[in-house]
1. Taking region A:288-305, which residues are part of a helix (DSSP H, G or I) and under 12 Å from residue A:250 (Cα atoms)?
2. Can you tell me how many residues in region B:185-208 are aromatic (Phe, Trp, Tyr) and more than 7 Å from chain A (Cβ to nearest Cβ)?
3. Can you run down the residue pairs with Cβ atoms below 8 Å, 6 or more apart or on separate chains, where the first is in region A:38-59 and over 25 Å from residue A:227 (Cβ atoms) and the partner is part of a strand (DSSP E or B)?
4. Residues that are surrounded by fewer than 17 Cβ atoms within 10 Å (Cβ to Cβ), away from chain B (no Cβ under 14 Å) and charged (D, E, K, R): which helices (runs of 4 or more DSSP H) entirely in region A:214-277 hold 2 or more of them?
5. What residue, among those in region A:96-116 that are of a type in the set (A, V, I, L, M, F, W, C), buried (at least 17 other Cβ atoms within 10 Å of the Cβ) and in contact with a His (Cβ under 9 Å, 6 or more places away or on another chain), is modelled with the lowest pLDDT?
6. Look at residue A:143 and say whether it is over 28 Å from residue B:199 (Cα atoms), modelled with pLDDT under 95 and not polar (S, T, N, Q).
7. Do you know which residues across region B:219-232 are over 14 Å from the mean Cα position of the chain (by Cα) and either more than 14 Å from chain A (Cβ to nearest Cβ) or crowded, with 24+ Cβ neighbours inside 10 Å (or both)?
8. Looking at region B:152-174, I want the residues that are closer than 18 Å to residue A:198 by Cα and away from chain A (no Cβ under 14 Å) and have a partner that is of a type outside the set (A, V, I, L, M, F, W, C) and outside any strand (DSSP E or B) with Cβ atoms under 9 Å, at least 6 apart or on another chain. Which pairs are those?
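The values are calculated or read from the model by the stated rules, or taken from the named source; none is laboratory data. Worth saying up front: this structure is predicted, and the values here are computed from it rather than measured. When we count neighbours, we look across all protein chains shown, and the Cβ atoms used for this are built from the backbone with ideal geometry, even at glycine.
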Amino acid sequence: MSTLTPGLVHTTVTPFSADLKIDFATFEKLIAFHLRNGAEALAVQMHAGESVSLSDTEQKQVLDFVLKQVAGKVPVLAHVSDSGTAIAAARARYAEKAGAAAVIATATYYWTPPAAMVFEHIAQIGSAVKIPFYLLHAPDEMGGSHHMNTDMVMKLMDRLPNFAGVIDTSLDWQFMINIVSNAWRRNPKFQLAAGNEYMVSAGAVGATSMITSLSGVAPRHIHKLYDICRTEKYFDARSTQEDIVLLRRAVVQAGHGGLKGALRAMGRDCGQPRPPLDSLSPEGYATLKAALDKLTWLTNEPRGW
Amino acid sequence: MALTLRGVMQSPVTPLKDDFSLDIPTYEKLVDFHVRTGATAISWPHHKGESLNLTMDERKRGAEATVKAVAGRVPVSIHVSSLAVEDSMALAQHAQKIGADAIIAITPYFWGPSKQAIYDYFVRLGNSIDLPMIAYNSPSYLEGVEIDAELIERLLIALPNLIAMKEASFNSEKFMEISRVALKIRPSFSIVAGVEFLAPSVPLGCVGSYSSAGAICPNLCTKLFDACINGRSAEARELQFKLARLWDLFRDQYPSSLKGGMVVMGRPVGPTRPPLPTATKERQAYIATQLEELGILSTEPHGW
């Protein structure tokens, strides 16, 4: 099995044109921007990339397009989650064949099957491929359901030789410590990745990678945070972490259109999100822009493409 | 109001006799043990001290025993949270009367109060005493009832005697929001981790912990704090993992298993009051194997 350690992983939005079609011309510029600005790997069609609003065909198109643009410069991780086990497993197989370096999946959308079936769902996706498989633990994004636990992760380690690690967005110290301390006793190479920009606490308890959607907005500060954390100087990382938390807060408060609104404010317009996610209204954009203007450190970040 | 919290603070369990009555002499020995093994403050009775299973009279007697046994060696705070707010008010008055250094209080139980009601509660409680007050935040145990950044900001503006928070969300976002807002308003404000989750919190401004395992392994708890506060990240992580395993061992029916572990360590403190179970001999034997595996039996004090 590959010994991939993704490192600083930029996750892209999916640009849409005014008619809400995928805007591949802008997507090309966006990928180039990420590659020029510190991405050690790319994760595509994550939730920040509106994966759930893309058809199966579009998800394949996006992956093919990104892989072509990246042309092997960095590893590309493909998020393949779906409600149906067979659909997600087929998407994983497609990703492997297309050249993805790893696949990522979370639990089922909408369904709340018994724990044994959630396990089976994840295990079947992971076993559909030979490339590394990462489990995405995102209980808040999943409506509070599907809390993974250590027991499930240990069983997945038994079942899946390609089970590379857990990506955590829960920010839950008990969960992260429990997973990684137990997993390392069995396989010291098992990875914990921060699924967002809260890298100080995650790094302190063992995270080695960070998957960041704000990298499109503030790649330099994100890089700085990640670099300090990888040297384990967590006290030194605190002020940068606080800066990024304030950016994250401004983006989250703007609603579903916040991330693309922030990209637009930085001169990298990727359109609006697809329905049913709300577009960012002109008033909402003005409020977000005002909040971003207060973050003086953003003046050191790249503007435009 | 000058009270600074820092380091490994202990909230003792409540020793009980076989008939479930308070065992004050053993409690005094326990408090002394904690102070001798490095506790930088004593706080009683947290949930680990079975606070909600004690009568008002027992809580007052225990509070008096705490102040007496500590004898001014470290600060003493009294946990006053009760099901009825009026009882909390009375316990706060009593704490002040007997010479405690501070009170600590969690958000109100059971009712799922509004944010305004939580604010009103803390303001009323804090204004009723001339002692420092420590707020206690535990959203996961109280089904989402919590002190968030907005509420702590309002409380700090309203209460000059709000000096610290026991923060037990164990969540990066919640911790950072509270830390960011509170320290801006009151730089001396102390944020203390609810149990020993110090590796992820100290770099973000946490100053210590209310210990869960201090009655079992005070040396390990102190080592973890020292590693964290001095930025020895790899060592801190290893120690944190060990304490997390202990927390997993003890958190079930807390503090039943903890009391079972204390038997293993030669510091028996009697049963746990119903509705919590008492650790059986079999459970104690299992705990002993875990403590052996973790090296606790050979590195930590045995007996009083």
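1. Initially, region A:288-305 is screened for residues part of a helix (DSSP H, G or I), giving A:288-293, A:296-300.
Passing the criteria: A:288, A:289, A:290, A:291, A:292, A:293.
2. At the first step, the residues of region B:185-208 found to be aromatic (Phe, Trp, Tyr) are B:189, B:197.
Of the ones still in play, those that are also more than 7 Å from chain A (Cβ to nearest Cβ) are B:189.
Qualifying residue count for the region: 1.
3. A:45/A:78; A:45/A:79; A:47/A:79; A:51/A:79; A:54/A:22; A:58/A:22
4. Working: elements: A:219-230, A:234-253, A:258-265.
Here the list reads A:219-230.
5. Pass one, region A:96-116, residues of a type in the set (A, V, I, L, M, F, W, C): A:98, A:100-105, A:107, A:111, A:115-116.
Within this subset, residues satisfying the condition of being buried (at least 17 other Cβ atoms within 10 Å of the Cβ) are A:100-105, A:107.
Of the ones still in play, those that are also in contact with a His (Cβ under 9 Å, 6 or more places away or on another chain) are A:103-105, A:107.
Working: A:103: 98, A:104: 98, A:105: 96, A:107: 86.
Result: A:107.
6. Details: over 28 Å from residue B:199 (Cα atoms): yes; modelled with pLDDT under 95: yes; not polar (S, T, N, Q): yes.
Here the answer is yes, as residue A:143 does meet what is asked.
7. Quick first cut of region B:219-232, residues over 14 Å from the mean Cα position of the chain (by Cα) only: B:219-220, B:222-232.
Hits for region B:219-232 are B:219, B:220, B:222, B:223, B:224, B:225, B:226, B:228.
8. No pair meets every condition.
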